[in-house]
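Coordinate-derived values only; no laboratory data. Computed from a predicted model, the values in this text were never measured in an experiment. A quick note on method: Cβ atoms are made from the backbone with ideal geometry, for glycine too, and the neighbour counts reach across all protein chains shown.
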Amino acid sequence: MIKRIGVLTSGGDCSGLNAAIRAITLRATQHYGWEVMGILRGTCGLIHRPLEYTSLTAANCDQSMLRSAGTILGSTTKDNPFYFPSADGSKIDRSDDVIEGYKQLNLDAIIAIGGDGSMRINSKLIKKEGINMVCIPKTIDNDLAQTELSIGYSTAVDVATEALDRLQPTAASHDRIIILEVMGRDAGHIALAAGVAGGADVILIPEIPYTLDSICKHIQNIKEQGRKHVLIIVSEAVKTQEDASILRGTSYNERPRYGGISEYLCEKLEEKLKADLRFTILGHVQRGAQPNSQDRILATAFGVKAVDMIAEKNFGKMLTWSNNTISSVPIEAAIDIYNVVDPKGLLLETARSIGIYVGEL
Ligand code: F6P
């Protein structure tokens, strides 16, 4: 019989995590009468001794959690339990400590809210056995396969759209070309969606090659038609024309840290067009906004469903969202494929149809 469950958030934070934690707590405590333990800083809370957790109740998960960004439980991107940093700087496997911590806390199941990196770790933990887990997808990048939406993506798109809205009047006032660089890792979902919603003239995403000459030609056409300002949105993993990634070193979790492609484009286009350009790198602003209603609803629905799956003892799955319905897939199905922008997809076609340059399709 289920009596006590845990919940943790891992990987990069995003908007909507607290809304999911709240829904899990309300459903588990009020409907099933279970206890809910919030594990602190991802799986670290189960690795460290004493265990690091907090009791979650309906009283301490009030409505303010719907509108707060970040995660009240904390998160980590650098503490992979299978490759855990130790005091002497070496990396060791602490995954047994996660399972042991889960047992010490008397958990009957755990809900892990994470992105693709976390799902890979969760999948390995599930294979070790001894831990009952249900996973909820979250990532501003929307790069998890099998689900149309992950928590945090929609709000991030809103933030990027609002940035274009704010850049447009200043670009227009000074007849400038302004480039906005957005996050998304190796998938261009944020750039494409915000570019369409915010009226970008050029959308560059890692999935589609571009040429500087084509961008210049496109800008010249816009100017010849009488508009003097131009908005460009570029996804952080877009490469230079010479096919080089622009990186800011390696992050702790051995994944590339992108950043700076907008500066490269700015320099190159300035040289070619002899025009006045500026660039803005939006960065982590995309992760910290008040969750929009779509993310609150998605997070709440995922939270409830995750608890119900535990009640059904339907473990080892990741929840998915499609056509206003929640389903689940074995976790491997979610990490087998990296969800990039479909070059034949509706949004890309829509962008092209209204004359946006989206690269050399
Ligand atoms: O995966 C989410 C994300 O925000 C990416 O869009 C971005 O490349 C990365 O995380 C940034 O990671 P960090 O917070 O470690 O700098």
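Things worth noting here:
- The length gained on full extension between Arg67 and His31, counted as 0.36 nm times the residue separation minus their Cα-Cα distance, comes to 10.6 nm.
- Alpha-carbon Rg/Rh ratio, for the chain, with Rh computed the Kirkwood way: 1.03
- Once the Cα-Cα distance is subtracted from the 0.36 nm per residue extended length, the Glu267 to Lys124 segment shows a gain of 47.1 nm.
- Nearest-20 debye value, the range 184-256 charge dipole, Cβ charges on Lys, Arg, Asp, Glu: 280 debye
- Applying a length cut-off of 24 Å (Cα extent along the axis) and a mean Kyte-Doolittle floor of 0.5 to the DSSP H helices of the chain leaves 293-311.
- Comparing Pro169, Ser118, Met133 along the charge dipole axis of the chain, the residue lying farthest to the positive side is Met133, per the Cβ-charge model.
- Near-label residues of the range 346-361 by backbone N, under 16 Å of a point 7 Å along Cα→Cβ of Asp213: 359-361
- If R0 equals 41 Å, the separation of the Cβ atoms of Ile99 and Thr240 corresponds to a calculated FRET efficiency of about 0.35.
- Ordering Leu192, Pro209, Ile178 by Cα displacement along the dipole of the range 151-302 toward the positive end leaves Ile178 in first place; charges were set at the Cβ atoms of Lys, Arg (+1) and Asp, Glu (-1).
- R0 of 51 Å, Cβ-Cβ distance Lys78-Arg352: FRET efficiency to nearest 0.05: 0.80
- Value of relative contact order over the range 24-100, rounded to a whole percent, pairs C-alpha under 8 Å and six or more apart: 29 percent
- Between Asp175 and Thr280, the C-beta separation translates, for a Förster distance of 22 Å, into a calculated FRET efficiency of about 0.80.
- Lys/Arg +1, Asp/Glu -1 at C-beta; the chain dipole; positive extreme among Ile337, Ser235, Ala301: Ala301
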